[in-house]
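Here is the structure we will look at.
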There are 2 protein chains.
Amino acid sequence: MILNRLRLIRRAASAPGCSLCISLSKQLYCSSARRTRVRDALSSLETGSSIRIQGWVRSVRSQKNNLFLHVSDGSSLQPLQVVASSDLNTRELTFGCAVDIIGSLEKSPSKKQSVELQASHVKVIGECNPVDFPFKIKERHSLEYIRQYPHLRCRTNAFSSLLRIRSEATSAIHSYFRDNGFVQIHTPIITSNDCEGAGELFQVEPAGNEHSSDKENPHFFSVPSYLTVSGQLHLEVMAGAFPAVYTFGPTFRAENSQSRRHLAEFYMVEAEISFTESLEDLLKLMEDLLKTSTEHLLSHCAEDVELFHKYVSPGHREKVDLILKRKFNVISYTEAIDILKRSSQQFIYKPEWGCDLQTEHEKFLVKHCGDVPVFVTDYPYDLKPFYARDNQDQPQHTAAAVDLLVPIVGELCGGSLREERPELLKTRLAGAGLEETYAWYLQLREFGSVPHGGFGMGFERYLQCVLGVDNIKDTIPFARSSRSCLL
Amino acid sequence: MILNRLRLIRRAASAPGCSLCISLSKQLYCSSARRTRVRDALSSLETGSSIRIQGWVRSVRSQKNNLFLHVSDGSSLQPLQVVASSDLNTRELTFGCAVDIIGSLEKSPSKKQSVELQASHVKVIGECNPVDFPFKIKERHSLEYIRQYPHLRCRTNAFSSLLRIRSEATSAIHSYFRDNGFVQIHTPIITSNDCEGAGELFQVEPAGNEHSSDKENPHFFSVPSYLTVSGQLHLEVMAGAFPAVYTFGPTFRAENSQSRRHLAEFYMVEAEISFTESLEDLLKLMEDLLKTSTEHLLSHCAEDVELFHKYVSPGHREKVDLILKRKFNVISYTEAIDILKRSSQQFIYKPEWGCDLQTEHEKFLVKHCGDVPVFVTDYPYDLKPFYARDNQDQPQHTAAAVDLLVPIVGELCGGSLREERPELLKTRLAGAGLEETYAWYLQLREFGSVPHGGFGMGFERYLQCVLGVDNIKDTIPFARSSRSCLL
């Protein structure tokens, strides 16, 4: 019965403009044509089965008798080849239009694909004027060019690959932590902490609050409130009740920078582990996270990642292989400064013990280590915030802090053991005039304090590092930076 | 050799204040005592093995010869019972202190637990003054009481259970979408859209920006920018390139409300599916998501969920079972108004066709449906925003929108088909004076537009619904609401 109906549809379809086409979508729910995603069709072994595909046209090629289409629905980079009678061609069938197609999935005679769809019906459900559409058929647009169209760039191959990769990487990171017994904590976005210096903070108030009727306390939250720059302090709260916690969400910096390295809104993966007394535990965790996630990504998104390694960053794949295969290097900050000082390279910033490493230094150190990631440990105490654990190694005086440097981006992760000793923390907070502000933080150390530590990893930098993408704006669905907040 | 050393440690331990205890943690790395989480110890079958446990003391009971401790490390609600010689008792061994213990895991003679740790070493690594600590041994503190201590409440049983449940629910939701081929999109937090009326928006500028030197354009992003109230419009961008997308992240409302139902910062799960022409597809997705996630939660967090159903919301478990077992009801908005009008209940807001349903109405409808969730479909066109799809059913005139109402909370999800027809959308935007603001949104319909739809679910409300928690502030790690932004 169903088969008969399908044959009927097919026969009717050979006459262009048939009445059946008009109510095609309703008909199809009654027919045996199974709605199928392109990804599943491509790997299907059920040739001869009747399927329905919905997607967007990536290419149109018309021959004397046959019409060839490539149709993608976003489920995979590779499109499905559709072959139809050239009678089914219409003016609306253009690059970028949306189509609804039924036909029979058959073994393809070409070596380029294993299957193709022999279409009985092709219906354009959303037109796309090729003159106005900013992307052109068969053109490879640069990442810079497509960045101008934040609402349309997901329709290009490169950016839809990026989005699938980003989604898969997110999932890989969550899985890693879950598999290792971490509890995920949604650390707050709005916070009354301003620990990293007010200059780079976004402040939050209701729109129109300048006209607040309450002149004595104009703040919505009673106190000035900001967008978070890190979930660390909130994770440390949780380190007093769980063996291991993490957060993975947006963080913010109001940095007046148009650089390829900075976003005003970016994602951070942050983890905190309790009962750890050694930086080594953190190093192991970072290295394992990085390797496990990257392996997952290369195996689950092979086609999409290959697009980047082939067209965006030729030669980069070798660096990724080094990340996977080699044990990461570990050097102390003091050794790093020695290496920089001994080198013949001319730096803009002269390397000097007691000064922060600059991006040029970080990149040099990675090169120096043969493009293998390198941990730099034990930074000068005075360079690090109040929470970093004092190594008490005077006269040198360092803190148990670590950065992980990688190819392309330089600093990818930063972490430290946290000062869990109440007296030492109290003294340091008092010295910085922060005793009152962080009274709650000090209390964490007064009730069942445990040695703990953690780190943060910039997620977009991670994607840059794996894909070899030069500009961080090309790794996030909607980029926000100084002077730019499109959509 | 290793065994010998352990015996040595054990023997030495019997003398209180032994020198070994001082450097205990270093020693242990050399010994055979495996660092073990409480959760793993509880389910371990390897009795007789030497393990090391680190956690917090939940109870201390001293008998003549023996000391009994309950130790929790946050990996499970159930603590591990530790039995030690009373010689190992010290003044510092109090409720809330952090301990590091080695011993032998043995079959427990008691029926309360299958295993217990017979300790050879007990070391207090973080003291906890019971007088100052706000939580007291053996007391069951109310959720209201512990809410006063946002930095410490994770140390209570109830809130650590909540956090494990929240983490597991997050994971269940991600898995659901991943298993169904959805691409996760990190929709932006900062946006220049202000579609839902400026009254409830938070605005964002760098701290200290009132002194901006650029008087002509004082905005960091050149345009006024806000915290997102929904990722929907950004997901709709992606609906033009993927078959199914979702986002799961924080959203914001600057609502001046202290109610048990509202937060200024809360999490939303939002999904958008392409090539859908029927509300039914959305209903099916919502029902499936809700049932699948809840089943996962009940099976993976049984003990933690039981704590809530036993102590926080007795009798609530039956409602959850109804959610799982029964097919959800579907009624139209028009039917809903009829039901409300026919009822004998006195409502504060009189039900009237064309007016929004109030929480009292929503709760009545759920009760009316026997505490089984109910979808209300096809709301008056004029009640819904510009993006809702016109049903073109004048004179009644409705839009293809739906809300899902559930016990305890009322509205849990809201969704709609989106207006994909460019002419209809253009007319509606023009009517609202939004044609220019949403020119980009209109363009989505001009280049390969497809019928699509989606919904949003309040994540905290979901947790309330499953756990029976009355106040939404008890479902999020750090609650933000008008006049309150602690930490």
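Filtering the stretch B:96-127 down to residues that are touching a strand residue (DSSP E or B) at 6+ places or on another chain (Cβ under 6 Å) and assigned to a loop (DSSP other than H, G, I, E, B), which residue is farthest from the other protein chains (Cβ to nearest Cβ)?
Only one residue fits best here, namely B:108.
Being within 14 Å of another protein chain (Cβ to nearest Cβ), in contact with a helix residue (DSSP H, G or I) (Cβ under 8 Å, 6 or more places away or on another chain) and free of Cβ contacts under 8 Å to residues at least 60 places away in the same chain is the filter here, so list the residues in the stretch A:406-436 that pass it.
Selection gives A:419, A:422, A:425.
Any residue at all in the stretch B:160-169 that is open to solvent by 20 Å² or more (accessible area, probe 1.4 Å) and touching a Pro at 6+ places or on another chain (Cβ under 9 Å)?
There is no residue in the stretch B:160-169 that is open to solvent by 20 Å² or more (accessible area, probe 1.4 Å) and touching a Pro at 6+ places or on another chain (Cβ under 9 Å).
Facing chain A (nearest Cβ under 10 Å), open to solvent by 20 Å² or more (accessible area, probe 1.4 Å) and not aliphatic (A, V, I, L, M): is that true of residue B:255 in this structure? Break it down stepwise before answering.
Numbers: facing chain A (nearest Cβ under 10 Å): yes; open to solvent by 20 Å² or more (accessible area, probe 1.4 Å): yes; not aliphatic (A, V, I, L, M): yes.
Considered against the rule, which asks whether it is facing chain A (nearest Cβ under 10 Å), open to solvent by 20 Å² or more (accessible area, probe 1.4 Å) and not aliphatic (A, V, I, L, M), residue B:255 comes out as yes.
Every residue, every condition in (1) within 14 Å of chain A (Cβ to nearest Cβ); (2) assigned to a helix (DSSP H, G or I), yes or no:
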position: B:272; (1), (2): yes, no
position: B:292; (1), (2): no, yes
position: B:317; (1), (2): no, yes
position: B:352; (1), (2): no, no
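So residue A:171 passes all but one of these: (1) at pLDDT 95 or above; (2) outside any loop (DSSP other than H, G, I, E, B); (3) more than 7 Å from chain B (Cβ to nearest Cβ). Which condition number does it fail?
In the conditions (1) at pLDDT 95 or above; (2) outside any loop (DSSP other than H, G, I, E, B); (3) more than 7 Å from chain B (Cβ to nearest Cβ), residue A:171 misses (3) alone.
Write out, first by first residue and then by second, each pair whose Cβ atoms fall under 7 Å of each other, whose residues are 6+ apart or on separate chains, and whose first residue, in the stretch B:206-221, is facing chain A (nearest Cβ under 9 Å) and within 22 Å of residue A:479 (Cβ to Cβ) while the second is exposed (fewer than 10 other Cβ atoms within 10 Å of the Cβ) and at pLDDT 70 or above.
none
So residue A:462 passes all but one of these: (1) facing another protein chain (nearest Cβ under 10 Å); (2) assigned to a helix (DSSP H, G or I); (3) within 18 Å of residue A:246 (Cβ to Cβ). Which condition number does it fail?
For residue A:462, the exception is condition (1).
Hey, among A:55, A:74, which residue is open to solvent by less than 20 Å² (accessible area, probe 1.4 Å), among the small types (Gly, Ala, Ser), within 16 Å of residue A:115 (Cβ to Cβ) and modelled with pLDDT of 95 or more?
Among A:55, A:74, only A:55 is open to solvent by less than 20 Å² (accessible area, probe 1.4 Å), among the small types (Gly, Ala, Ser), within 16 Å of residue A:115 (Cβ to Cβ) and modelled with pLDDT of 95 or more.
Against the condition in contact with a Ser or Thr (Cβ under 6 Å, 6 or more places away or on another chain), within 14 Å of another protein chain (Cβ to nearest Cβ) and open to solvent by 10 Å² or more (accessible area, probe 1.4 Å), how does residue B:446 come out, does it pass?
In short, no.
Looking at the stretch A:154-168 only, could you name the residues that are within 9 Å of chain B (Cβ to nearest Cβ) and in contact with a Phe, Trp or Tyr (Cβ under 9 Å, 6 or more places away or on another chain)?
A:154, A:155, A:156, A:160, A:163, A:164, A:166, A:167
Go through (1) open to solvent by 10 Å² or more (accessible area, probe 1.4 Å); (2) closer than 28 Å to residue B:51 by Cα; (3) in contact (Cβ under 8 Å) with a residue 12 or more places away in the chain for residue B:115 and report which single condition fails.
(1)
In the stretch B:239-248, is there at least one residue being open to solvent by 20 Å² or more (accessible area, probe 1.4 Å) and within 9 Å of another protein chain (Cβ to nearest Cβ)? Show your work before the answer.
In the first step, residues of the stretch B:239-248 are kept if they are open to solvent by 20 Å² or more (accessible area, probe 1.4 Å); the result is B:248.
Next cut, within 9 Å of another protein chain (Cβ to nearest Cβ) only: none.
The answer is no; no qualifying residue exists.
If I filter the stretch B:388-395 for residues that are open to solvent by 60 Å² or more (accessible area, probe 1.4 Å), farther than 26 Å from residue B:463 by Cα and of a type in the set (A, V, I, L, M, F, W, C), do I get at least one hit?
No, the conditions are met nowhere in the stretch B:388-395.
Please count how many residues of the stretch A:128-140 are more than 11 Å from chain B (Cβ to nearest Cβ) and either in contact with a helix residue (DSSP H, G or I) (Cβ under 8 Å, 6 or more places away or on another chain) or open to solvent by less than 10 Å² (accessible area, probe 1.4 Å) (or both).
1
For the stretch A:174-186, enumerate the residues that are within 17 Å of residue B:162 (Cα to Cα) and either among the small types (Gly, Ala, Ser) or at the interface with chain B (Cβ under 7 Å from one of its Cβ atoms) (or both). Step through it out loud before you land on a result.
From the stretch A:174-186, those within 17 Å of residue B:162 (Cα to Cα) are A:178, A:181-186; that's our starting set.
Those that are within 17 Å of residue B:162 (Cα to Cα) and either among the small types (Gly, Ala, Ser) or at the interface with chain B (Cβ under 7 Å from one of its Cβ atoms) (or both): A:178, A:181, A:183, A:184, A:185, A:186.
Of the conditions (1) over 26 Å from the mean Cα position of the chain (by Cα); (2) on the phi < 0 side of the Ramachandran plot, residue A:482 fails just one. Which one is it?
Failing condition for residue A:482: (1).
Between residues in the stretch A:337-358 that are farther than 16 Å from residue A:398 by Cα and residues that are of a type in the set (Lys, Arg) and open to solvent by 100 Å² or more (accessible area, probe 1.4 Å), which pairs lie under 7 Å by C-beta distance while being six or more apart or on different chains?
Every condition considered, the pairs that remain are A:351/A:341.
Could you tell me which of the residues B:398, B:475, B:377 is hydroxyl-bearing (Ser, Thr, Tyr), within 30 Å of residue B:166 (Cβ to Cβ) and modelled with pLDDT of 95 or more?
Selected residue: B:475, the only one of B:398, B:475, B:377 that is hydroxyl-bearing (Ser, Thr, Tyr), within 30 Å of residue B:166 (Cβ to Cβ) and modelled with pLDDT of 95 or more.
How many residues, within the stretch A:230-261, are within 21 Å of residue B:187 (Cα to Cα) and in contact with a helix residue (DSSP H, G or I) (Cβ under 7 Å, 6 or more places away or on another chain)?
8
Residue check: is residue B:362 open to solvent by 50 Å² or more (accessible area, probe 1.4 Å) and in the same structural domain as residue B:455 (by TED's automatic domain parsing)?
Criteria not met by residue B:362.
Specify the residue that is surrounded by the fewest Cβ atoms within 10 Å (Cβ to Cβ); the eligible residues are those in the stretch B:42-52 that are within 16 Å of residue B:114 (Cβ to Cβ), in contact (Cβ under 8 Å) with a residue 40 or more places away in the chain and not β-branched (Val, Ile, Thr).
Checking each candidate, the answer is B:48.
Can you confirm whether residue B:84 is at pLDDT 95 or above, among the aliphatic types (A, V, I, L, M), in a helix (DSSP H, G or I) and out of contact with any Phe, Trp or Tyr (no Cβ under 6 Å at 6 or more places or on another chain)?
On the way: at pLDDT 95 or above: yes; among the aliphatic types (A, V, I, L, M): yes; in a helix (DSSP H, G or I): no; out of contact with any Phe, Trp or Tyr (no Cβ under 6 Å at 6 or more places or on another chain): yes.
Considered against the rule, which asks whether it is at pLDDT 95 or above, among the aliphatic types (A, V, I, L, M), in a helix (DSSP H, G or I) and out of contact with any Phe, Trp or Tyr (no Cβ under 6 Å at 6 or more places or on another chain), residue B:84 comes out as no.
Find the residue count for the stretch A:279-300, including only residues that are open to solvent by 30 Å² or more (accessible area, probe 1.4 Å) and either within 21 Å of the chain's Cα centre (by Cα) or modelled with pLDDT under 95 (or both).
Looking only at that region, the number is 7.
Take the conditions in a helix (DSSP H, G or I) and either farther than 25 Å from residue B:141 by Cα or basic (Lys, Arg) (or both) and apply them to residue B:307. Does it pass?
Values: in a helix (DSSP H, G or I): yes; either farther than 25 Å from residue B:141 by Cα or basic (Lys, Arg) (or both): no.
So residue B:307 fails the test.
I'd like to verify a number: residues in the stretch A:457-472 that are within 20 Å of residue A:229 (Cα to Cα) and surrounded by fewer than 21 Cβ atoms within 10 Å (Cβ to Cβ), how many?
Of the residues in the stretch A:457-472, 0 are within 20 Å of residue A:229 (Cα to Cα) and surrounded by fewer than 21 Cβ atoms within 10 Å (Cβ to Cβ).
The values are calculated or read from the model by the stated rules, or taken from the named source; none is laboratory data. Computed from a predicted structure; not experimentally measured. All Cβ positions, even for glycine, are placed from backbone atoms using ideal geometry, and neighbour counts span all protein chains on display. Ligands, DNA and RNA are excluded from the accessible area calculation, which covers all protein heavy atoms including side chains. Shrake-Rupley method; radii C 1.70, N 1.55, O 1.52, S 1.80 Å.
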